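Asker: Have a look at this one before I ask anything.
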Amino acid sequence: MARNHVGPIPDDITRPVRVNENQRRTVAMAASLLLDYPGEDFGERIAAVDTHLEQLPPAIAEQFAAFTDAARTMGRRGVEEHYVETFDQRRRCSLFLSYYSVGDTRTRGTAILAFRQALAQLGFEEQREELPDHLCVVLEAVALSEGKQHAQTVELLAAHRDGLEVLRTALSTFNSPFAHLIVAVAMSLPKIDAETTHSYLDLIRSGPPAELVGIGTPLPFPTAQPDIP
């Protein structure tokens, strides 16, 4: 079936920046805090992120600083209104990663279950109200994991790099400061491969699938992970 257009094809994709594990964990936690709904503690979250920017590579720190500067200018009420308008009212700016792989289709439930199983096998218990495919949930898992477990959570997120790039492009199209946070996350992930690039460009041109026929469509991410010793 026809798919909705989600925006212009960008000239290039986000280039990765060399980071160590601790820096990637910091990026993930900072992005998770700032991509969450900007409630009464939003100012405290911004301040907490600011104190850790010097630990990050300059290119990534600049993205966070650009967002926090914009957020202070907008004020909490302005950020709240922009957040709702952007993430709750624009489907092309969804924070649910499975949306970019399966869209609003009959396989969405299976995709969400796959996220839940993957995170559970990595040792993470659901402690948030959001569904397990929510970007903040996965970023929090990346931030709290170490060693082999961290590598596996990064792999889970990186498997959806095409969706992140589509989200980044849409946010940039709407001149949203939240685009800076997605860029920071993408910079901290491994280099995107040719297959993911092709998938990303296809999503940019056509949008996530509106409906898929049957239930045998393979999912573009791991449905199981090895046990952590």
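No value in this document is a laboratory result; all are computed from the given coordinates. Computed from a predicted structure; not experimentally measured. When we count neighbours, we look across all protein chains shown, and the Cβ atoms used for this are built from the backbone with ideal geometry, even at glycine.
Asker: For an R0 of 41 angstrom, estimate the FRET efficiency from the Cβ-Cβ distance between residue 54 and residue 110 and round to the nearest 0.05.
Answerer: According to the calculation, E is roughly 0.45.
Asker: Next question, about the same structure. Highest first, please rank the peptides 163-175, 39-51, 86-98 by the mean number of other Cβ atoms sitting within 10 Å of their residues.
Answerer: Result, highest mean Cβ count within 10 Å first: 163-175, 86-98, 39-51.
Asker: Report relative contact order for the range 21-204 in percent, whole number only (criteria: Cα-Cα under 8 Å, sequence separation at least 6).
Answerer: Normalised by residue count, the contact order of the range 21-204 is 32 percent.
Asker: Just add up the charged neighbours of residue 59: K/R +1, D/E -1, any other residue whose Cβ is under 13 Å from the Cβ of residue 59.
Answerer: My count for the surroundings of residue 59 gives +1.
Asker: With every atom except the alpha carbons ignored, what do you get for Rg and Dmax of the range 21-204, in angstroms?
Answerer: Rg then Dmax for the range 21-204, in Å: 15.6, 45.
Asker: Tell me the Kirkwood hydrodynamic radius of the range 43-133 in angstroms, computed as one over the mean inverse distance between distinct C-alpha pairs.
Answerer: When all Cα pairs of the range 43-133 are included, the Kirkwood radius is 15.9 Å.
Asker: Could you give P(r) for the range 134-173, binned at 10 Å from zero, as whole percent values over all Cα-Cα pairs?
Answerer: With a bin width of 10 Å, the distribution comes to 30, 46, 21, 3.
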